[in-house]
1. Quick one: what pairs do we get from region A:194-216, first residue more than 9 Å from chain B (Cβ to nearest Cβ) and within 16 Å of A:E104 (Cα to Cα), second in a helix (DSSP H, G or I) and β-branched (V, I, T), C-beta under 9 Å, 6+ apart or different chains?
2. For region B:28-75, which positions are crowded, with 19+ Cβ neighbours inside 10 Å, without any contact (Cβ under 8 Å) to a residue 60 or more places away in the chain and of a type in the set (G, A, S)?
3. Evaluate the following for C:E99: is it more than 14 Å from chain D (Cβ to nearest Cβ) and without any contact (Cβ under 8 Å) to a residue 60 or more places away in the chain?
4. Looking at this structure, is B:R144 within 8 Å of another protein chain (Cβ to nearest Cβ) and of a type outside the set (S, T, Y)?
5. In region B:110-135, how many are more than 8 Å from chain A (Cβ to nearest Cβ), surrounded by fewer than 24 Cβ atoms within 10 Å (Cβ to Cβ) and among the β-branched types (V, I, T)?
6. Could you check D:I3 against (1) under 17 Å from D:Y205 (Cβ atoms); (2) buried (at least 19 other Cβ atoms within 10 Å of the Cβ); (3) not hydroxyl-bearing (S, T, Y) and say which number it fails?
7. How about region D:184-211: which of its residues are surrounded by 17 or more Cβ atoms within 10 Å (Cβ to Cβ) and either of a type in the set (A, V, I, L, M) or not in a helix (DSSP H, G or I) (or both)?
8. Restricting to region C:78-98, and then to whatever is within 19 Å of the chain's Cα centre (by Cα) and among the charged types (D, E, K, R), can you tell me which residue is surrounded by the fewest Cβ atoms within 10 Å (Cβ to Cβ)?
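The values are calculated or read from the model by the stated rules, or taken from the named source; none is laboratory data. Remember, it's a predicted structure, so these values are computed and weren't measured experimentally. Heads up, the Cβs are rebuilt from the backbone with ideal geometry, glycines too, and the neighbour counts pull from every protein chain shown.
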Protein chains: 4
Amino acid sequence: MKISDRLRDDAGNIWKSIIEHPFVAELCDGTLPMEKFKFYILQDYNYLIESMRNFSIISSRTEALQEMKEVLYLAYLESQSELSAYEEFVKKIGCTIDEARDVEPIPVAVSYVSYLLSTSTLKSYEESIASVLPCYWSYMEIARHYQSKLKMNQNKLYTEWASVYSLKSYRDMVTRMRNLVDNTGENFPYKKLKRAFITASRYEYMYWDAVYNMIDWPV
Amino acid sequence: MKISDRLRDDAGNIWKSIIEHPFVAELCDGTLPMEKFKFYILQDYNYLIESMRNFSIISSRTEALQEMKEVLYLAYLESQSELSAYEEFVKKIGCTIDEARDVEPIPVAVSYVSYLLSTSTLKSYEESIASVLPCYWSYMEIARHYQSKLKMNQNKLYTEWASVYSLKSYRDMVTRMRNLVDNTGENFPYKKLKRAFITASRYEYMYWDAVYNMIDWPV
Amino acid sequence: MKISDRLRDDAGNIWKSIIEHPFVAELCDGTLPMEKFKFYILQDYNYLIESMRNFSIISSRTEALQEMKEVLYLAYLESQSELSAYEEFVKKIGCTIDEARDVEPIPVAVSYVSYLLSTSTLKSYEESIASVLPCYWSYMEIARHYQSKLKMNQNKLYTEWASVYSLKSYRDMVTRMRNLVDNTGENFPYKKLKRAFITASRYEYMYWDAVYNMIDWPV
Amino acid sequence: MKISDRLRDDAGNIWKSIIEHPFVAELCDGTLPMEKFKFYILQDYNYLIESMRNFSIISSRTEALQEMKEVLYLAYLESQSELSAYEEFVKKIGCTIDEARDVEPIPVAVSYVSYLLSTSTLKSYEESIASVLPCYWSYMEIARHYQSKLKMNQNKLYTEWASVYSLKSYRDMVTRMRNLVDNTGENFPYKKLKRAFITASRYEYMYWDAVYNMIDWPV
């Protein structure tokens, strides 16, 4: 059993909660209030920028040339594909890029991003690459799970958003990330990989929940 | 007006919420359920260890010799005083140090610590030192605010906990931290210092709230 | 006067010594002993890998989205162009990639790379981007300076090596790096940029000198 | 055989060259020209400051609480003992601290410090702690080796300098550092520890050689 499959299994309940979360379900069947979608896009745009930064750091944390190049390539790909797509979404929901950049991140966004960045700067390459996988992989799973609902979804903006995650190019990117995790090898303690993967998966769930309920700082 | 005073003023509402939070109020008047106190001590012990790590990083992020030595001294002081006191508390509530180290951090603990560590590794020395101040300073303010209530508090464990934060040595440490923030100088954009100070203050509040309600990972 | 021009001026003597160094002159007129060229290629291949790592780090050190993307793009470009070219050279001089990776770096290579990496991890984005410029820019200047000699150079390997640095794509890359330095802005102390640029230029010179004289560890 | 003993053995030739280097021998028998000593002290004062920064970073790179505290303690000890002693030496050779801080580091000093810092920020805790050991341990060995010569040495400044490295407190510090290396454990590849220890030992030798010959930047 590949390491990424084992991690996915161990996070089974969390991933089920992610996929079935109201925000995700309503986004895919078209019933999500637009207000919530806009809120999400503005938060997620800033998340993606920090995710790109995070990939840059991870690329620098492995001595293996092949992995360094691969993570660098994924960072570049991300900057050219998903991030560009989000810049289009930002405009479509009526914001300028500058306005989007000025949006204050909600607590879960600061927390999730900080978790990823502090892992990449202070922990191992192995834990870092395991911690970025849940975000990209679970989006692919969401697109797959709601495939038929998305076909009947009348909200063009929502189906456009989801279409990115069904693209062959996106699925290839996830496969490449999974390969990196699978290659972290038998010498690295699985327990540490698992903690990174589970923690990031939990933040994914909490992120969906926070944008659904638009949870801002309590004080 | 000193920078630290200005930051304190700008975080006025947040600090009021911190000081008046039920956990803090009940801890100081002795009515806090012991179960919540134990929960807090085990979480906070692990927080303090990461806080010590954080001071080590910050010490390395300034070119000024005097500041580097000062932050290093504060890290060392912290490792000798508050951390040692917590190791005693851990034993008093019936745990071994190993058990305490094995406690899984709750979401707010992971988030707050990650925020501090990612600030210290990726942002400026100035923002880093501003982000550690709220924790230490607000504890001193709590001890001061509840001074008379603490005198009548019958729970020996709680008054012992609080006594650390009234010590001259602790107040001196806070003064030294404030001086470091005050010395970050006029050339550094106040806006960035403020964001760091406010964000850390918000995490302080959310931390008290999470230990009071024992908020664990939702999934 | 643009910042990069001012830096170039301030490093005038060092750059003159670089361009006129026997290794560079003999490489461009074809008289360089092949043994020295091979020695250089194997050292430089490993240098380029660390340089790619370095760009990844620098990309993570700026908050400005445009600069983050730009540095990431340069890192990716570098991994696709110059590094690939070197992998060809490694084969042409009769080595496998694995053999090349196993070559022990000479003192100046460890020192130069360590200087760049410690700048990127511990100093500012501005100093980091200034410290990587001399390597890429001076190679372009070398190709320009020896343009006519290179036309008469009979050593096909040497002219092929040099041809990379006359390509429009390479010159564009240097222009983009210079723009990044020019945009570091008036608020950042020129003195610090200068120290970074001068130090890296000095290492460039020492690097050419060390590969010419094949200077290994003295003990 | 303990790991530190094995490392010391593997670096045997390099350490012999260090201990017998003219600078070291002449310093211990009193025949070293004062001009060279002054040159050394000013360079080394700045080295020690960066070494303190380096210990701060290393302290942050281990998850083990005991080791984190230990490295932090060593950093603090260093800032209180050897660094303070050097501030006295700076004054005794007729310089102010500010003048000493303004001295431009020679190439080997920039290189050695950069090597240590880039190891601590980008490689493992284990390699980092192995890379700092040669400096502190070899000074103790120097003091031991020249014990009898130092007794007859008429240069009070030189014997005072050497006396630090015969102190029980200094020898204890070295023992604690060796213990940290011995505890890096059997799971960590010895090959990597060796590379770090050997490289740092080589820089130690090159440092003595550079201050003896007062080797500045060639351009």
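1. A:Y207/A:V108; A:A210/A:V108; A:V211/A:V108; A:I215/A:V108
2. Residues satisfying the conditions are B:S56, B:S59, B:S60, B:A75.
3. Working: more than 14 Å from chain D (Cβ to nearest Cβ): yes; without any contact (Cβ under 8 Å) to a residue 60 or more places away in the chain: yes.
Yes: the conditions hold for C:E99.
4. Details: within 8 Å of another protein chain (Cβ to nearest Cβ): no; of a type outside the set (S, T, Y): yes.
So B:R144 fails the test.
5. Within region B:110-135, residues that are more than 8 Å from chain A (Cβ to nearest Cβ), surrounded by fewer than 24 Cβ atoms within 10 Å (Cβ to Cβ) and among the β-branched types (V, I, T) number 0.
6. With (1) under 17 Å from D:Y205 (Cβ atoms); (2) buried (at least 19 other Cβ atoms within 10 Å of the Cβ); (3) not hydroxyl-bearing (S, T, Y) applied to D:I3, the lone miss is (1).
7. Matches in region D:184-211: D:T184, D:L193, D:A196, D:I198, D:A200, D:M206, D:A210, D:V211.
8. Within region C:78-98, the subset within 19 Å of the chain's Cα centre (by Cα) is C:78-90.
Going one step further and asking which of them are among the charged types (D, E, K, R), we end up with C:78, C:82, C:87-88.
Numbers: C:E78: 19, C:E82: 20, C:E87: 15, C:E88: 10.
Residue satisfying both the conditions and the ranking: C:E88.
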